[in-house]
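Chemist: After the structure tokens below, expect a handful of questions from me.
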Amino acid sequence: MSVLVVGTTALDSIKTPYSENPRLLGGSASHAAVASAFFAPTRLVGVVGGDFPSKHLNLLRKHRIDLTGLERVKGGQTFHWSGEYEVNMNNRRTLETVLGVIEHWQPVLPGELETTPFVLLANISPQIQHRVLDQLKKPRFVVADTMDLWMNIALDDLLRLLKRVDCLVLNDGEARQLAKEDNVVAALPKLHHLGPRYVIVKKGEHGSLLSGPEGLFVAPAYPLKKVIDPTGAGDSFVGGLMGYLASQKKGTINQNLRRAMIHGAVVASFCCEGFGLSRTTKVARPEISARVRELEKLVRF
Ligand code: AMP
């Protein structure tokens, strides 16, 4: 089954203590769609300006991502994000966000996308996430990703969105902020109370935590000796998770979600090994399977 991903298609300028890389292909939807496409047919819904290089479009196409839902605004400016990492790579500072064509974007889904069963509302404003959801016909599983920015400037829209989704994915700091609770485990029932049946809390290099009808599950992160650039790791995690879920012919979503988190964690690990999408877009499927097997061994006791 196929996956629809809506989010940002961006140009990212990324600075680490070792290197600086301007205007790379990035954005929540680009990272998530590339990750999802390893496992399932994937449709990207987004918007870019006339400055978006055609080599980026070609790269997305090479990964068999359906771009019928990608709008191009001639003369418009593509969403641009720039960020800087500290030495330990866990702390990141946003230097600049230029919304460009995203600011007034009113997504209109091409008819053939309306019946996509698996829907990932990747990080973008909750207003846009609502608008896409409004146009979908009975999706089977809807996952929403978000960030602290939307809790600060669009909380009402975000809270309304949470009543409409099956699963919320957010990082530990955001979980604390949204639940107004310092302890992440104690935050979980509060987050369920806001709507979603499943909540997944990402904890960076420490893995992720699923809370659902069968209680908790802890997924590790793949242990990396060297992180080059973690930008997009969260998007790759949730994109990989969705693609894996959509690819499974047997079992329920509930039964497949744990393995999906492991596959998401593995794609995220590749993402961290290069700037932007440079490493992820060179990964071969057997490399993913090999890391999944390694993770299985690492957590068996
Ligand atoms: P992550 O490292 O998983 O948090 O994702 C980073 C990606 O999110 C980058 O490629 C950015 O282009 C994108 N991004 C940054 N800020 C925003 C924002 N406000 N809304 C949506 N996407 C964003």
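Chemist: Quick one: which of S211, S289, S269 is in contact (Cβ under 8 Å) with a residue 24 or more places away in the chain and of a type in the set (S, T, N, Q)?
Modeler: S269
Chemist: Note down all Cβ pairs under 7 Å where the first residue falls in segment 232-258 and is without any contact (Cβ under 8 Å) to a residue 24 or more places away in the chain, the second is in a helix (DSSP H, G or I) and more than 14 Å from the ligand (Cβ to nearest atom), and they're at least six residues apart or on different chains.
Modeler: Hits for this filter: Q248/N256; N256/L245.
Chemist: May I pose another question? Just to be sure before I move on: is E86 within 18 Å of G232 (Cα to Cα) and surrounded by fewer than 20 Cβ atoms within 10 Å (Cβ to Cβ) in the structure I sent?
Modeler: Values: within 18 Å of G232 (Cα to Cα): yes; surrounded by fewer than 20 Cβ atoms within 10 Å (Cβ to Cβ): yes.
Yes, satisfied.
Chemist: Tell me, please, whether a residue that is within 13 Å of the ligand (Cβ to nearest atom), touching an Asp or Glu at 6+ places or on another chain (Cβ under 6 Å), modelled with pLDDT of 95 or more and not basic (K, R) can be found in segment 37-49.
Modeler: Looking for residues that are within 13 Å of the ligand (Cβ to nearest atom), touching an Asp or Glu at 6+ places or on another chain (Cβ under 6 Å), modelled with pLDDT of 95 or more and not basic (K, R), one finds at least one in segment 37-49, hence yes.
Chemist: Contact list please: Cβ distance under 7 Å, first residue in segment 141-152 and over 11 Å from F118 (Cα atoms), second residue more than 13 Å from the ligand (Cβ to nearest atom), pairs at least six apart or on different chains.
Modeler: Between residues of segment 141-152 that are over 11 Å from F118 (Cα atoms) and residues that are more than 13 Å from the ligand (Cβ to nearest atom), the close pairs are A144/L161; A144/V165; A144/L168; D148/Q177; M151/Q177; M151/L178.
Chemist: Hey, among K202, K163, which residue is modelled with pLDDT of 95 or more, closer than 24 Å to L4 by Cα, among the charged types (D, E, K, R) and buried (at least 18 other Cβ atoms within 10 Å of the Cβ)?
Modeler: That would be K202, the only listed residue that is modelled with pLDDT of 95 or more, closer than 24 Å to L4 by Cα, among the charged types (D, E, K, R) and buried (at least 18 other Cβ atoms within 10 Å of the Cβ).
Chemist: Something else about it: Can you tell me which of L95, L113 is more than 20 Å from G276 (Cβ to Cβ) and either β-branched (V, I, T) or in contact with a Lys or Arg (Cβ under 8 Å, 6 or more places away or on another chain) (or both)?
Modeler: Only one candidate qualifies: L113.
Chemist: Regarding R279, is this residue farther than 23 Å from L24 by Cβ and either basic (K, R) or out of contact with any helix residue (DSSP H, G or I) (no Cβ under 6 Å at 6 or more places or on another chain) (or both)? Give the steps one after another, and end with the answer.
Modeler: Values: farther than 23 Å from L24 by Cβ: no; either basic (K, R) or out of contact with any helix residue (DSSP H, G or I) (no Cβ under 6 Å at 6 or more places or on another chain) (or both): yes.
So R279 does not fit the description; no.
Chemist: Scan segment 234-276 residue by residue and report those that are in a helix (DSSP H, G or I), among the β-branched types (V, I, T) and away from the ligand (no atom under 14 Å from the Cβ).
Modeler: Residues satisfying the conditions are I253, I262, V266.
Chemist: Now a separate question. Please specify each residue of segment 215-234 satisfying the condition of being more than 17 Å from the chain's Cα centre (by Cα) and not aromatic (F, W, Y).
Modeler: Correct list: G215, L216, V218, P220, P223, L224, K225, K226, V227, I228.
Chemist: If you go through segment 63-93, how many residues are away from the ligand (no atom under 12 Å from the Cβ), on the phi < 0 side of the Ramachandran plot and in contact (Cβ under 8 Å) with a residue 12 or more places away in the chain?
Modeler: Residues in segment 63-93 being away from the ligand (no atom under 12 Å from the Cβ), on the phi < 0 side of the Ramachandran plot and in contact (Cβ under 8 Å) with a residue 12 or more places away in the chain: 16 in total.
Chemist: Can you list the helices (runs of 4 or more DSSP H) lying wholly within segment 124-232 that have 3 or more residues being within 16 Å of the ligand (Cβ to nearest atom), on the phi > 0 side of the Ramachandran plot and among the hydroxyl-bearing types (S, T, Y)?
Modeler: Values: elements: 126-134, 148-153, 155-162, 172-179, 184-193.
Answer list for segment 124-232: none.
Chemist: Continuing with the same structure: Would you check which residues across segment 100-123 are away from the ligand (no atom under 16 Å from the Cβ), free of Cβ contacts under 8 Å to residues at least 60 places away in the same chain and assigned to a helix (DSSP H, G or I) and list them? Explain how you work it out, then say what you get.
Modeler: Keep residues of segment 100-123 that are away from the ligand (no atom under 16 Å from the Cβ), which gives 106, 108-119.
Narrowing further to those that are free of Cβ contacts under 8 Å to residues at least 60 places away in the same chain: 106, 108, 110-112, 114-115.
Scanning segment 100-123 gives G111, E112.
Chemist: Right, next: Do we find that E294 is among the charged types (D, E, K, R), within 14 Å of the ligand (Cβ to nearest atom) and assigned to a helix (DSSP H, G or I) in this structure? Steps first, answer last, please.
Modeler: Working: among the charged types (D, E, K, R): yes; within 14 Å of the ligand (Cβ to nearest atom): no; assigned to a helix (DSSP H, G or I): yes.
So E294 does not fit the description; no.
Chemist: Quick check on segment 1-22: of everything there that is closer than 26 Å to G69 by Cα and within 11 Å of the ligand (Cβ to nearest atom), which residue is surrounded by the fewest Cβ atoms within 10 Å (Cβ to Cβ)?
Modeler: Top of the filtered list is S13.
The values are calculated or read from the model by the stated rules, or taken from the named source; none is laboratory data. Note that the structure is predicted; figures quoted are calculated from it, not measured. Virtual Cβ from ideal backbone geometry, glycine too; neighbours counted across all protein chains shown.
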